[in-house]
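Working notes, structure below.
The values are calculated or read from the model by the stated rules, or taken from the named source; none is laboratory data. Everything quoted here is computed from the prediction, not taken from an experiment. Methodologically, a virtual Cβ is constructed for each residue, glycine included, from the backbone with ideal geometry; neighbour enumeration extends over all protein chains shown.
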Amino acid sequence: MNFAGKVVLITGASSGIGRQACMDFAKKGAKAVILVSRSKEKLESLAREISKNCLAVPYQCDVSREEQVSAMAKDILGRFGQMDVLVNNAGFGIFGKVADQSARDIESVMQTNYLGMVYCTKAFLDSMLARKSGHIVNVASLAASFGVAGLAGYCASKYAMLGFSESLHHELYGTGVRVTVVSPIAVKTEFFSNDSFRGRNPNYTAYALDPSNVSKAILNAANSQRLEIVVPFYMRAGVWLKHTIPFVVQPITGALFRSRMN
Ligand SMILES: NC(=O)c1ccc[n+]([C@@H]2O[C@H](COP(=O)([O-])OP(=O)(O)OC[C@H]3O[C@@H](n4cnc5c(N)ncnc54)[C@H](OP(=O)(O)O)[C@@H]3O)[C@@H](O)[C@H]2O)c1
């Protein structure tokens, strides 16, 4: 994998998977890495860290706000004239029963995880199509294939991301532009630091991945023709089983995640 001369933009760059992906794209020769999130100081600190390897541009932007995304894309395309790899990674989850959550809670998750991805995709797609080149990598989750108790809003946002990406994948056939979804299981990041998880979900479960495993999959995805890359790869079997014998798998996943609710 060599990203020499490529301009890469990663949302959710201030922490976890996105932060690691910024470092890895920089090490793999990217010309410029645009670091996007809401935390200016964290982005600036990461930019200093990776600037020995590439041109690192910290960019404060809330992806749930379409006007901010449009202004950011206009500015970045004005400066670089191209976007080679767009990684839609910004996201969060709120843990709790649907009955206990407000509609606003569920809406806020959808607004960032799903619509944030839509806004960024729309903001860069025309320029990619005009250049007949570019790759959009959408970081979903295994929660795009399994609805689990306590994460209805989050699962809905990731199912939506996968469905949108599958349609777009077909629309982009033959254009030179591609979209690939990366769907990991649990990862050791700040994701579980959200107050709603407190006391209910261990921060780092035994099977949780290191962000570097997911980052590697993101870099692979940016060179792949596939629609979805599941991390680790063997969890693909779990997705297949769920779709093939749901009457066996759903009671098991149901019981597993229900036990965390209480
Ligand atoms: N950790 C897991 O177990 C896991 C598993 C599967 C999939 N994922 C997915 O992986 C992605 C990255 O999560 P992570 O695990 O790395 O969690 P994380 O460490 O909490 O990082 C989340 C990132 O998203 C950014 N972000 C959140 N809302 C944003 C907004 N409105 N605008 C711009 N940036 C925003 C945060 O930055 P600011 O707060 O600075 O804005 C942060 O950089 C998410 O989409 C998540 O759903 C995570």
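Of the candidates ALA206, ALA156, ALA186, the single residue that is of a type in the set (A, V, I, L, M) and touching a Phe, Trp or Tyr at 6+ places or on another chain (Cβ under 7 Å) is ALA186.
What residue, among those in the range 173-186 that are over 23 Å from GLY254 (Cβ atoms) and in contact (Cβ under 8 Å) with a residue 24 or more places away in the chain, is surrounded by the most Cβ atoms within 10 Å (Cβ to Cβ)?
Of everything passing the filter in the range 173-186, VAL182 is surrounded by the most Cβ atoms within 10 Å (Cβ to Cβ).
Among the residues of the range 27-51, those that are small (Gly, Ala, Ser), closer than 22 Å to GLY78 by Cβ and surrounded by fewer than 24 Cβ atoms within 10 Å (Cβ to Cβ) comprise ALA32, ALA47, SER51.
Counting the residues of the range 1-59 that are assigned to a loop (DSSP other than H, G, I, E, B) and either among the aliphatic types (A, V, I, L, M) or in contact with a helix residue (DSSP H, G or I) (Cβ under 7 Å, 6 or more places away or on another chain) (or both) gives 9.
For SER157, are the conditions met, namely being farther than 30 Å from ASP195 by Cβ and of a type in the set (Ser, Thr, Tyr)? For SER157, the condition - farther than 30 Å from ASP195 by Cβ and of a type in the set (Ser, Thr, Tyr) - is not met.
There is at least one residue in the range 158-181 that is touching a His at 6+ places or on another chain (Cβ under 6 Å), of a type outside the set (Gly, Ala, Ser) and not in a helix (DSSP H, G or I).
Condition first: of a type in the set (Asp, Glu) and more than 14 Å from the ligand (Cβ to nearest atom). Now tell me which residues in the range 106-143 satisfy that. Residue satisfying the conditions is ASP126 alone.
Yes or no: LEU151 more than 12 Å from the ligand (Cβ to nearest atom) and surrounded by 14 or more Cβ atoms within 10 Å (Cβ to Cβ)? No: the conditions fail for LEU151. Can you tell me which residues in the range 143-172 are more than 20 Å from VAL249 (Cα to Cα) and at pLDDT below 95? If the condition is that a residue be more than 20 Å from VAL249 (Cα to Cα) and at pLDDT below 95, then no residue fits.
For PHE95, the conditions (1) more than 11 Å from the ligand (Cβ to nearest atom); (2) within 14 Å of the chain's Cα centre (by Cα); (3) of a type in the set (A, V, I, L, M, F, W, C); (4) assigned to a loop (DSSP other than H, G, I, E, B) are fulfilled apart from (2). Please indicate, with yes or no, whether at least one residue in the range 109-130 is surrounded by fewer than 20 Cβ atoms within 10 Å (Cβ to Cβ), free of Cβ contacts under 8 Å to residues at least 60 places away in the same chain and part of a loop (DSSP other than H, G, I, E, B). No; the residues of the range 109-130 include none that is surrounded by fewer than 20 Cβ atoms within 10 Å (Cβ to Cβ), free of Cβ contacts under 8 Å to residues at least 60 places away in the same chain and part of a loop (DSSP other than H, G, I, E, B).
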